[in-house]
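To start, the structure under review is shown below, and the notes come after it.
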Amino acid sequence: MKNIQRTLVLGCSLVALAGCGADEIVSPGTGGNIIINNPSPAPTPTPTPTPTQSQVTPAAGCPTIATSGGLVDAGTISGPTGTYRVCQLPARFTSTDLLPYIRGLVYQINGRVDVGNDRGFSSTGTSVTLTIEPGVILFGQQDSYLVVNRGNAIQSNGTAERPIIWTSRDNILGLANDNSQQQWGGVVLLGRAPVSDCSTGVFNTSAAPNNNPTCEGRLEGAAVATPFGGANPADSSGSFRFNQIRFSGFELAPNNELQSLTTGGAGSGTVIENFLSFNSSDDGVEFFGGGFNARNLAIIGASDDSLDVDTGAIVNLDTVIAVQRSTTGDRIIELDSPNVADRTPSNAIPQTRFQVNNFTFVVRDGAPQVVQARGGAALGLTNGVINAGLNHCFQIDEPSTLAALIGVDSVVGDCPATDPIRGGAGNTNADVAARINAGTNNNLAFTITLTNGVVNGAGETGRTPFAASGRSSFFPNRSFIGAIENAAALTSIFGNWTCNSSIQNFNSATGNCTGLPVYPA
């Protein structure tokens, strides 16, 4: 999702179903077999009944928090899993607070909810921290979204068995299906790490690195000016582990939409691990500037790009699954530094640098290409599997982007025979193909043998992996390519903190993405 000014597009109205740019939010017959039993068989044993979850009943009330005004008891809401007490969040958390897990209780995001106030470009420390317990369910509708402002933090840490679920009102009511999207906004994490897209229109370059010593971006589409960025690469916006964000992506203003998870200037102290985006009407995730490492991401059913990275973001992702719906989805990776069609010059610094290791991408027919890089951004891909369908696998625009290519190694794909790799904006197809094919152990005319959509088959298992630790100390050296070595790994890595759908089945005990888990207590 690209917003018009390349500032952080963190808002999306929660309208029906619509995509968002990168910068900007259904009687078989009866068989006739005759079986003669002589002697009569033993009676068929009665099968053990499948355990059923008891429906929830509403909690007695809302817990007390420190923020003035507290939580508002908004009555109850009922769906297939029972009736819940609704506790509405304050418009702004002004004190460090805890949202505890309470059976029969859900938290409502009503409109824009802020964590703390913006504390400025040069501030230090953390003012307000919002902590969310494992198993908590939060929901919104239409233009509802949560923003963690600069100098504040979130500790949203679920567990492998009890993820934290951010979802829509329709999901609570049981009205969502595997094609639902754009039912609320999303989650935004802002920080004080450097960005390249300066809201003043004055930019830093290698020749003039201090041209704008207080370069910061702005969240567009919001009624209140919302800046992000700073001079601290190690800044922390908190920790986001074992979270699901479902049915997100509302448009706050034309061409300015939220995705499931958006970061702006989030620094290396920020922790993002074990994250599922399900059916975002815009991007699955978008990272504006800043820089951090993240592991175990599943981007399922995004209507725009699965991974959108730009405005100077320096990000390493390890173990990534991205699966598109059959009817919607743009690129898996859209990479800019920034978009050359934008007002920000392509030589603005910091330059985007994006690497992904051990990944599996499953692309619908009709997407423009699987990966596009432009604007001088640096791209590195290692140990990957691309189920490309009919789509071109790579497009790299501009000589500066080709020159910045980190490398593509131990990547396989069933890319089309004609122009599997393309250039643009001054790069020929042959130029780009030569650079990508210079990598080791690649095969873009590969026969895909994946099972359950993303699990390595015999073909993928036979490939030689690349020693990815040489690219980043964050990447381990593994004995396989792709995100998922075998069926057991799908459960052990993504397991019960994900949810199941017709788009991708994780065999999760948490259940379907269209339903809600019910825990014993």
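The values are calculated or read from the model by the stated rules, or taken from the named source; none is laboratory data. This one's a predicted model, so the numbers in the text were calculated from it and none came from an experiment. No Cβ is skipped: glycine too gets one built from the backbone with ideal geometry, and neighbour counts run over all protein chains shown. In case anyone asks, the SASA skips ligands and DNA or RNA and just uses the protein heavy atoms, side chains included. Shrake-Rupley method; radii C 1.70, N 1.55, O 1.52, S 1.80 Å.
Looking at (1) assigned to a loop (DSSP other than H, G, I, E, B); (2) more than 26 Å from the chain's Cα centre (by Cα), can you tell me which one residue 76 breaks?
Of the numbered conditions (1) assigned to a loop (DSSP other than H, G, I, E, B); (2) more than 26 Å from the chain's Cα centre (by Cα), the odd one out for residue 76 is (1).
For region 58-71, check the following and say yes or no: at least one residue is out of contact with any strand residue (DSSP E or B) (no Cβ under 9 Å at 6 or more places or on another chain), among the β-branched types (Val, Ile, Thr) and over 19 Å from residue 189 (Cα atoms).
yes
Tell me which of these residue 425 doesn't satisfy, since it passes every other one: (1) closer than 20 Å to residue 315 by Cα; (2) surrounded by fewer than 24 Cβ atoms within 10 Å (Cβ to Cβ); (3) touching a Ser or Thr at 6+ places or on another chain (Cβ under 9 Å); (4) not polar (S, T, N, Q).
That leaves (1) as the condition not met.
If you take the residues in region 171-198 that are more than 24 Å from residue 80 (Cα to Cα) and assigned to a loop (DSSP other than H, G, I, E, B), which one is most open to solvent (accessible area, probe 1.4 Å)?
Of the residues in region 171-198, the ones more than 24 Å from residue 80 (Cα to Cα) are 187-198.
Imposing the further condition that a residue be assigned to a loop (DSSP other than H, G, I, E, B) reduces the set to 191-198.
Working: 191: 0, 192: 11, 193: 1, 194: 42, 195: 6, 196: 0, 197: 3, 198: 1 Å².
Residue satisfying both the conditions and the ranking: 194.
Would you mind stating whether residue 278 is over 24 Å from residue 119 (Cα atoms), open to solvent by 10 Å² or more (accessible area, probe 1.4 Å) and of a type in the set (Phe, Trp, Tyr)?
Values: over 24 Å from residue 119 (Cα atoms): yes; open to solvent by 10 Å² or more (accessible area, probe 1.4 Å): no; of a type in the set (Phe, Trp, Tyr): yes.
No, not satisfied.
Quick check: is even one residue across region 406-421 open to solvent by 50 Å² or more (accessible area, probe 1.4 Å), within 22 Å of residue 363 (Cβ to Cβ) and within 28 Å of the chain's Cα centre (by Cα)? Even if it seems obvious, please write down each step before you answer.
Residues of region 406-421 that are open to solvent by 50 Å² or more (accessible area, probe 1.4 Å), as a first pass: 417-419.
Right, trim to within 22 Å of residue 363 (Cβ to Cβ) and you get 417-419.
After this cut, where a residue has to be within 28 Å of the chain's Cα centre (by Cα) as well, the list is none.
Within region 406-421, not a single residue is open to solvent by 50 Å² or more (accessible area, probe 1.4 Å), within 22 Å of residue 363 (Cβ to Cβ) and within 28 Å of the chain's Cα centre (by Cα).
Anything in region 240-265 that is open to solvent by less than 10 Å² (accessible area, probe 1.4 Å) and either more than 15 Å from the chain's Cα centre (by Cα) or over 20 Å from residue 191 (Cβ atoms) (or both)? List them, or say none. Break it down into steps so the answer makes sense when it comes.
Taking region 240-265 as the starting set, the residues that turn out to be open to solvent by less than 10 Å² (accessible area, probe 1.4 Å) are 240, 243-249, 257-265.
Those that are open to solvent by less than 10 Å² (accessible area, probe 1.4 Å) and either more than 15 Å from the chain's Cα centre (by Cα) or over 20 Å from residue 191 (Cβ atoms) (or both): 244, 246, 247, 248, 249, 257, 265.
Out of 162, 92, 85, 169, I need the residue that is modelled with pLDDT of 95 or more, basic (Lys, Arg) and closer than 30 Å to residue 214 by Cα. Which one? Write out each step before concluding.
On the way: 162 fails: closer than 30 Å to residue 214 by Cα; 85 fails: closer than 30 Å to residue 214 by Cα; 169 fails: closer than 30 Å to residue 214 by Cα.
On inspection, the qualifying residue turns out to be 92.
Every residue in region 387-398 that is of a type outside the set (A, V, I, L, M, F, W, C) and open to solvent by 10 Å² or more (accessible area, probe 1.4 Å), please. Show your work before the answer.
Narrowing region 387-398 to residues of a type outside the set (A, V, I, L, M, F, W, C): 387, 389, 391-392, 395, 397-398.
Correct list: 387, 389, 392, 395, 397, 398.
For region 133-155, give me each residue that is of a type outside the set (A, V, I, L, M, F, W, C), out of contact with any helix residue (DSSP H, G or I) (no Cβ under 8 Å at 6 or more places or on another chain) and either at pLDDT 95 or above or crowded, with 24+ Cβ neighbours inside 10 Å (or both).
Filtering region 133-155 for residues of a type outside the set (A, V, I, L, M, F, W, C) gives 133-135, 140-145, 149-152, 155.
Adding the requirement that they be out of contact with any helix residue (DSSP H, G or I) (no Cβ under 8 Å at 6 or more places or on another chain) leaves 133-135, 142-145, 149-152, 155.
Residues satisfying the conditions are 133, 134, 135, 144, 145, 149, 150, 151, 152, 155.
Which pairs have Cβ atoms under 9 Å, sit 6 or more apart or on different chains, and link a residue in region 358-371 that is at pLDDT 95 or above to one that is part of a loop (DSSP other than H, G, I, E, B) and among the aromatic types (Phe, Trp, Tyr)?
358/475; 358/480
Looking at region 343-386 only, could you name the residues that are of a type outside the set (A, V, I, L, M, F, W, C), open to solvent by 30 Å² or more (accessible area, probe 1.4 Å) and out of contact with any Leu (no Cβ under 6 Å at 6 or more places or on another chain)?
Within region 343-386, the first condition is being of a type outside the set (A, V, I, L, M, F, W, C), and the residues that meet it are 343-347, 350-353, 355, 357-358, 360, 364-366, 368-369, 372, 374-376, 380, 382-384.
Then keep just the ones that are open to solvent by 30 Å² or more (accessible area, probe 1.4 Å); that gives 343, 345-347, 350-351, 353, 364-366, 368, 374.
Residues satisfying the conditions are 343, 345, 346, 347, 350, 351, 353, 364, 366, 368, 374.
Please work out which one of (1) under 27 Å from residue 153 (Cβ atoms); (2) open to solvent by less than 10 Å² (accessible area, probe 1.4 Å) is the condition residue 335 fails and give its number.
Of the numbered conditions (1) under 27 Å from residue 153 (Cβ atoms); (2) open to solvent by less than 10 Å² (accessible area, probe 1.4 Å), the odd one out for residue 335 is (1).
Step by step: first the residues of region 268-312, then only those that are hydroxyl-bearing (Ser, Thr, Tyr) and closer than 23 Å to residue 327 by Cα, then the one that is nearest to the chain's Cα centre (by Cα). Which residue is that? Step through it out loud before you land on a result.
To start, the set of residues in region 268-312 that are hydroxyl-bearing (Ser, Thr, Tyr) comprises 268, 270, 277, 280-281, 303, 306, 311.
Next, from what is left, pick out any that are closer than 23 Å to residue 327 by Cα: 277, 280-281, 303, 306.
Details: 277: 5, 280: 9, 281: 12, 303: 12, 306: 7 Å.
By that ranking, first place goes to 277.
How many residues are open to solvent by less than 10 Å² (accessible area, probe 1.4 Å) and touching a Gly at 6+ places or on another chain (Cβ under 7 Å) when one looks only at region 292-308? Walk me through it before giving the result.
Residues of region 292-308 open to solvent by less than 10 Å² (accessible area, probe 1.4 Å): 292, 294, 297-302, 305-308.
Imposing the further condition that a residue be touching a Gly at 6+ places or on another chain (Cβ under 7 Å) reduces the set to 292, 299, 302, 306-307.
Final tally of qualifying residues: 5.
Quick check, is residue 488 out of contact with any helix residue (DSSP H, G or I) (no Cβ under 9 Å at 6 or more places or on another chain), in a helix (DSSP H, G or I) and open to solvent by 50 Å² or more (accessible area, probe 1.4 Å)?
Details: out of contact with any helix residue (DSSP H, G or I) (no Cβ under 9 Å at 6 or more places or on another chain): yes; in a helix (DSSP H, G or I): yes; open to solvent by 50 Å² or more (accessible area, probe 1.4 Å): yes.
Answer is yes for this residue.
It is to be established whether one or more residues within region 428-439 are over 19 Å from the mean Cα position of the chain (by Cα), aliphatic (A, V, I, L, M) and either within 28 Å of residue 455 (Cβ to Cβ) or buried (at least 24 other Cβ atoms within 10 Å of the Cβ) (or both).
Within region 428-439, the first condition is being over 19 Å from the mean Cα position of the chain (by Cα), and the residues that meet it are 428-439.
Those left that are additionally aliphatic (A, V, I, L, M): 430, 432-434, 436, 438.
Adding the requirement that they be either within 28 Å of residue 455 (Cβ to Cβ) or buried (at least 24 other Cβ atoms within 10 Å of the Cβ) (or both) leaves 436.
Within region 428-439, one or more residues are over 19 Å from the mean Cα position of the chain (by Cα), aliphatic (A, V, I, L, M) and either within 28 Å of residue 455 (Cβ to Cβ) or buried (at least 24 other Cβ atoms within 10 Å of the Cβ) (or both).
Collect the residues in region 440-459 that are under 15 Å from residue 383 (Cα atoms), open to solvent by less than 50 Å² (accessible area, probe 1.4 Å) and either among the hydroxyl-bearing types (Ser, Thr, Tyr) or within 25 Å of the chain's Cα centre (by Cα) (or both), keeping them in residue-number order.
Residues satisfying the conditions are 448, 450, 454, 455, 456.
Test residue 447 against the criterion of being at pLDDT below 95, hydroxyl-bearing (Ser, Thr, Tyr) and more than 19 Å from residue 298 (Cα to Cα), and give yes or no.
Numbers: at pLDDT below 95: no; hydroxyl-bearing (Ser, Thr, Tyr): yes; more than 19 Å from residue 298 (Cα to Cα): yes.
Considered against the rule, which asks whether it is at pLDDT below 95, hydroxyl-bearing (Ser, Thr, Tyr) and more than 19 Å from residue 298 (Cα to Cα), residue 447 comes out as no.
Residue pairs, Cβ under 7 Å, 6 or more apart or interchain, first in region 454-481 and over 15 Å from residue 319 (Cα atoms) and assigned to a loop (DSSP other than H, G, I, E, B), second open to solvent by 60 Å² or more (accessible area, probe 1.4 Å) and modelled with pLDDT of 95 or more. List them.
457/451; 463/441; 464/441
Across region 372-399, what is the number of residues that are of a type in the set (S, T, N, Q) and at pLDDT below 95?
Our first condition is that a residue be of a type in the set (S, T, N, Q); within region 372-399, this holds for 372, 382-383, 387, 391, 395.
This time we only want the ones that are at pLDDT below 95, so: 391.
Total meeting the criteria: 1.
So is residue 468 out of contact with any strand residue (DSSP E or B) (no Cβ under 9 Å at 6 or more places or on another chain) and either hydrophobic (A, V, I, L, M, F, W, C) or open to solvent by less than 10 Å² (accessible area, probe 1.4 Å) (or both) or not?
Values: out of contact with any strand residue (DSSP E or B) (no Cβ under 9 Å at 6 or more places or on another chain): no; either hydrophobic (A, V, I, L, M, F, W, C) or open to solvent by less than 10 Å² (accessible area, probe 1.4 Å) (or both): yes.
When the stated conditions are applied, residue 468 does not pass them.
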